[in-house]
1. Output wanted: per-residue J couplings in Hz (rounded whole) for segment 222-230, from phi through Karplus 6.51 cos²θ - 1.76 cosθ + 1.60, θ = phi - 60°, x for Gly and Pro.
2. Consider just the alpha-carbon atoms of the chain and return their Rg together with their Dmax, both in angstrom.
3. If amide hydrogens are placed 1.01 Å from N in the peptide plane, which non-local residues have theirs closer than 5 Å to the one on residue 183?
4. Pull up the cross-link candidates among the aspartates and glutamates for residue 349, meaning alpha carbon to alpha carbon under 16 Å and not fewer than 8 places away within one chain.
5. Within segment 267-333, list the chymotrypsin sites (Phe, Trp or Tyr not before Pro) lying in a DSSP loop whose Cβ has at most 13 other Cβ atoms in a 10 Å radius.
6. If you average the alpha carbon positions of segment 80-139 and of segment 212-274, how far apart do those two centres end up, in angstrom?
7. Among the trypsin sites (Lys or Arg not before Pro) within segment 170-222, which fall in a DSSP loop and have no more than 15 other Cβ atoms within 10 Å of their own Cβ?
8. Based on the alpha-carbon gyration tensor of segment 193-300, what equivalent-ellipsoid semi-axes (square roots of 5 times the eigenvalues) come out, in whole Å, largest first?
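No lab work stands behind these numbers, since they all come straight from the coordinates. Keep in mind the model is a prediction, meaning the values are calculated, not measured. Note: ideal-geometry Cβ built from the backbone for every residue, glycine included; neighbour counts use all protein chains shown.
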Amino acid sequence: MKKTVLVSGGAGYIGSHVTVELIEAGYDVVVADNMSNCDMTCFEGVKKITGREDIPFVKMDFCDAAAVEDLFGRFKIDAVIHFAAFKAVGESVAKPVMYYKNNLGSFLNVLEAAQAHGGCNVLFSSSATVYGEAEKLPVTEQSPRLPATSPYGNTKQICEDILRDTVKATHAAGATGAINGIALRYFNPIGAHPSALIGELPRGVPNNLVPFITQTAIGKRECLSIFGNDYPTPDGTCLRDYIDVVDLAKAHVVAVARMLNGKMKADYEIFNVGTGRPVSVAELVNSFEKVNGVKLNYRFVDRRPGDVTAIWAETSLANEELGWKAERSVEQTLASAWAWEKHIAESNKK
Ligand code: UFG
């Protein structure tokens, strides 16, 4: 029997890539999204890539407890991957109540409904932001979580804790309603599907580096600002671990399989999902120019408040336990990001 995976926030950037990989791995997928930060472009792209017109899509808000309960009643859900959340760091500083209400509320509703329907496997989309400015690099899953510097980051930490506590309590309570949990801590997801049919579609001015680069290259933005060239790093710009979104999506598939096949070593597990390779902002910009043969207009400006100097992942746990490894090079990923930006420009002309 095919297993069914619910992908909350499945019409968004990472959710759509994960949906594709799940379907290609043979799962049935239910996509649910309130469309607050996306349109149907990616969901339509998912249908094209997979050749599946019949993927169930539910437009709903995970903050609506009755709607979540109803969803679990309509489908027999074997695993949930929870993406539905707000994700802009700066906005979370300005609107903390909105962030806590949305990011915690939606997750609590999922856990409540999952328990009420006999238990479930829950994969939570966490972030390297939980490590803050780490003293020792690369960070392992055992590295300390430092106090979050934004409400957004805090919601990731709190949701990890909610999942950990729920897993523990439901297992202690006995067989029915047990929740198994995995938190995947993503580093910096970038790039797009090789088909260029799905990718990141930021609304308004992008906060993140790669969409800003591609929008500058295509002429939507005049100039990329590189935030700081006086960091204590080899070239003075920040170091990050940029993970290809398709590689990242594949990590979800193996993590879900681990839960469904009873392969977990503990009822709650955490994995870093990165490449293990630090790349500086300047290096990324140079690689983008080189691999795509375009000249980018950029300048160095002051540091952006809240940025950590450097963070990259120790990936051996995911490599060994999940049997997963990032495969695509930064160059391939930057080429896919550029192909996606050009695809959007073409579609907008039509
Ligand atoms: N950067 C620029 N110019 C830009 C945008 C970004 O120079 O226009 C730099 C940043 O200063 C940083 C690097 O590019 O050094 C990466 O920045 P991103 O905004 O792309 O990514 P972050 O590392 O800041 O963000 C990631 C995730 C968030 C998470 C955050 C925690 O995207 O979800 O880490 O720090 F919350």
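1. 6, 8, 7, 9, 8, 7, x, 10, 10
2. Computed over the Cα atoms of the chain, radius of gyration and Dmax are 19.5, 61 Å.
3. For residue 183, the qualifying residues are 124, 269, 270, 271.
4. Here the aspartates and glutamates satisfying the reach criterion relative to residue 349 are 341.
5. When the chymotrypsin sites (Phe, Trp or Tyr not before Pro) of segment 267-333 are filtered for loop state and at most 13 Cβ neighbours within 10 Å, nothing remains.
6. 16
7. Numbers: sites: 185, 203, 220, 221; in loops: 203, 220, 221.
Sparse-neighbourhood loop trypsin sites (Lys or Arg not before Pro): 203, 220.
8. Output for segment 193-300: semi-axes of 32, 18, 12 Å.
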